[in-house]
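The values are calculated or read from the model by the stated rules, or taken from the named source; none is laboratory data. If you're wondering where the values come from, they're calculated on a predicted model, not measured in any experiment. Reconstructed Cβ throughout: ideal geometry from the backbone, glycine too, with neighbour counts over all protein chains shown.
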Amino acid sequence: MDVSIVRPIFVSRPTWVPPQHRSGLDNFKKLLGAHGLEPRSVGVTDHPSQAPLDEVIKLMGRCYGAIILGIPQIEVQSGKLKGDEITSPFSLGTEWNHIEAALAYSLQLPVLVIHDVTVGRGIFDRGAANAFIYAVDFSSDAWALTSNISGALAAWCDRLKPE
């Protein structure tokens, strides 16, 4: 792989990241850089001059692939799910994860999905889309450095949209 050529990739992630997840995310950005990838995200690296959805579509059209990061944003501790009482707390990523994953999928971009072990539903459910899906502990500083994630990223890079 020629890392002298930098390829932009779309990264779906929240603009706000819990403090305990920031170090691992920084390590992941370094891993992307080592693969010659430039992470691009609306509200993080790119700031909208239009409606956010229009900006996402425009930015994604210039990217070679998409990575969806399911970082906990909403904690569900009680209530009902499909009429049944919630007995085990769980987390949800940002709703933009699902929108951006669907857009990437419709643009036929290679999609890699990585989510915190507490995050579920939608795009984070196995079988929801034909995409690599990995559950990790985002509170670990080293999640991006595991062989599971580095191997998944290498395989995903092989599927990136051609130049």
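Descriptive notes on the structure:
- Total residues in the stretch 102-132, condition at pLDDT below 95, more than 19 Å from Ile149 (Cβ to Cβ) and aliphatic (A, V, I, L, M): 1
- Residues that are at pLDDT 95 or above, surrounded by 11 or more Cβ atoms within 10 Å (Cβ to Cβ) and in a loop (DSSP other than H, G, I, E, B) do not occur anywhere in the stretch 76-90.
- Options Pro14, Pro8, Pro72: the member that is over 18 Å from Leu145 (Cβ atoms), in contact with a Pro (Cβ under 7 Å, 6 or more places away or on another chain) and in contact (Cβ under 8 Å) with a residue 40 or more places away in the chain: Pro72
- One residue from Leu103, Leu109 being in contact with a Cys (Cβ under 8 Å, 6 or more places away or on another chain) and surrounded by 13 or more Cβ atoms within 10 Å (Cβ to Cβ): Leu109
Table: residues versus (1) buried (at least 16 other Cβ atoms within 10 Å of the Cβ); (2) at pLDDT 95 or above; (3) of a type in the set (Asp, Glu); (4) not in a strand (DSSP E or B).
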{"site": "Lys29", "(1), (2), (3), (4)": "no, yes, no, yes"}
{"site": "Gly33", "(1), (2), (3), (4)": "no, yes, no, yes"}
{"site": "Val44", "(1), (2), (3), (4)": "no, no, no, yes"}
{"site": "Ser49", "(1), (2), (3), (4)": "no, no, no, yes"}
{"site": "Val56", "(1), (2), (3), (4)": "yes, yes, no, yes"}
{"site": "Leu59", "(1), (2), (3), (4)": "yes, yes, no, yes"}
{"site": "Ile67", "(1), (2), (3), (4)": "yes, yes, no, no"}
{"site": "Pro72", "(1), (2), (3), (4)": "yes, yes, no, yes"}
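- Between Glu85, Glu95, the distinction of being without any contact (Cβ under 8 Å) to a residue 24 or more places away in the chain, among the acidic types (Asp, Glu) and over 26 Å from Val42 (Cβ atoms) belongs to Glu85 only.
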